[in-house]
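Below: the structure, in structure tokens.
Only the coordinates and a few stated rules stand behind these numbers; no lab work does. Fair warning: this is a prediction, and the values are worked out from it, not measured in the lab. For neighbour counting, all protein chains shown are included, and Cβ atoms are generated from backbone atoms with ideal geometry for every residue, glycine included.
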């Protein structure tokens, strides 16, 4: 999260919180309120937001106990579900990768394999389909696959077959560590650009992709749209101003130029795109740390 904030130009650190358990079985409004009370004890040093297994309603329940929560309902101060904004950022980064690697500015006829059809994956499919891309999709929940097949004319693929599809882009939008020794060797895509966090099982897999001439759009670069959205929610709330959606989207659009600068840096330095992104992010937060120390 620190790297994501730095590469995106946000004045934030990074952290995650986890409630251990099955969200489908044990989650309740009281549990979320208890989480809110826990977050409140940090006095603003930690701000919680929606992620895997949680919803806007959960953030609303947390908000009854603490002001240090973002992604609450649209009510004059909330930004609501960050998923569509995250999806738009991934879409923006994916287009930058297509332009850089395939030398094309349109997506019509582009073949994209999407792994994971949660809120972000679904919205990414929606954006891609609107541009005329062809979709191959998979998810652990068959009903989500059926929905995307029906709405966007996608082709359903078995879970373990999604990696080996003969497509232009592989877009992982489920959980992390899916780019590993076993899956990378069967990839046919020329680009990897998706929403999942921590896609590389190990740092060295960024170099493996580079050696295979697969352009990897670093996950924390292109999936930062949600973070950007909730940052502006918190910043405007603390300043007393209204949440400005246009300002948010203008910032998310910058993922395009950030992605391209990373691709160029990697090519210039002869390193993987993941290493290039890390270097740029580290330079940014080290400069910030040094200025604060001074």
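Among 148, 56, sorting on how many other beta-carbon atoms sit within 10 Å of each Cβ, with the fewest leading, yields 56, 148. The angle between the Cα long axis of helix 142-152 and the longest principal axis of the Cα atoms of the chain comes to about 70 degrees, rounded to the nearest 10. Taking 203, 133, 96 as the candidate residues, the one with maximal mean-square fluctuation in a Gaussian network model of the chain, Cα springs under 10 Å, is 203. When shorter helices are ignored and each DSSP H run of at least 4 residues is given -39500 (n - 2.57), the per-residue value for the chain at 222 nm works out to -15000 deg cm²/dmol.
With the highest mean first, a sort of the peptides 114-121, 13-20 on other beta-carbon atoms found within 10 angstrom per residue produces 114-121, 13-20.
Once you sort the root eigenvalues of the Cα gyration tensor of segment 10-88 as a ≥ b ≥ c, which label holds: rounded (a/c under 1.5), prolate (a/b larger than b/c) or oblate (the other case)? It comes out rounded by the Cα gyration axes. Rg over Rh for segment 83-222 works out to 0.92, using Cα positions for both radii and the Kirkwood form for Rh.
All Cα-Cα separations within segment 162-294 were binned at 5 Å from zero, giving a P(r) of 2, 10, 16, 19, 18, 14, 9, 6, 4, 1, 0, each value a whole percent of the pairs.
The angle between the Cα long axis of helix 225-239 and the main principal axis of the chain comes to about 20°, on a 0 to 90 degree scale. Both the radius of gyration and Dmax for the chain are 19.1, 58 Å, in that order, over alpha-carbon atoms. Helix 83-102 axis versus longest C-alpha principal axis of the chain: approximately 30°, rounded to the nearest ten. Packing-based ranking of 24-30, 136-142 yields 136-142, 24-30, ordered from highest to lowest mean Cβ neighbour count within 10 Å.
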